[in-house]
Amino acid sequence: MNGVQIFGFLAGLVTASGMMPQLIKTIKTKKAGELSIQMFLVYVVGFGMWITYGAIREDFPIIVTNSFSLVLTFLMIYFKIKYK
């Protein structure tokens, strides 16, 4: 992995981690009623497209960071349904 890929990987992780505070708050408070399920569904489509794009380009940082984001998004959807 070269310097540009490492930078891309770190940038993707920082961006993907942006959902962590909301996920942690949702788990702690067990409240998700005000969260938009539609927003998370759009994220699922977008992250799926990024993963596909990364696979086509064989770009490991894009695949890994968007896969991480996709997992976090699925967790948010799960808790949105669970704590509705």
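Every number here is computed from the coordinates shown, using simple stated rules; none is lab data. Predicted model, so just to flag it, every value in this text is computed and none were measured. Because the Cβ atoms are built from the backbone with ideal geometry, glycine has one as well, and the counts that use them run over all protein chains shown.
Below is a table of values for the structure above.
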{"read-out": "Volume in Å³ per residue [convex hull over Cα atoms, computed for the chain]", "value": "74 Å³"}
{"read-out": "The chain, relative contact order [Cα under 8 Å, separation at least 6], %", "value": "45 percent"}
{"read-out": "Crossing angle, helix 60-82 versus the chain [Cα axis fit, 0-90 degrees, rounded to tens]", "value": "10 degrees"}
{"read-out": "Lys/Arg +1, Asp/Glu -1 at C-beta; the chain dipole; positive extreme among Gly33, Met1, Phe60", "value": "Gly33"}
{"read-out": "CD proxy at 222 nm, helix term only [per DSSP H run n ≥ 4: -39500 (n - 2.57); per residue of the chain; nearest 500]", "value": "-27000 deg cm²/dmol"}
{"read-out": "Principal-axis tilt of helix 37-57 within the chain, Cα atoms, nearest 10 degrees", "value": "10 degrees"}
{"read-out": "Residue of Leu70, Leu35, Leu23 that the Gaussian network model of the chain assigns the largest fluctuation, springs spanning Cα pairs under 10 Å", "value": "Leu35"}
{"read-out": "Pairwise label distance in nanometres, Leu10 with Lys30, each label 7 Å out on the Cα-Cβ vector", "value": "4.1 nm"}
{"read-out": "Degrees between helix 3-16 axis and first principal axis of the chain (Cα, 0 to 90, nearest 10)", "value": "10 degrees"}
{"read-out": "Using a Förster distance of 22 Å, the FRET efficiency for Met49-Asn2 (Cβ separation, nearest 0.05)", "value": "0.35"}
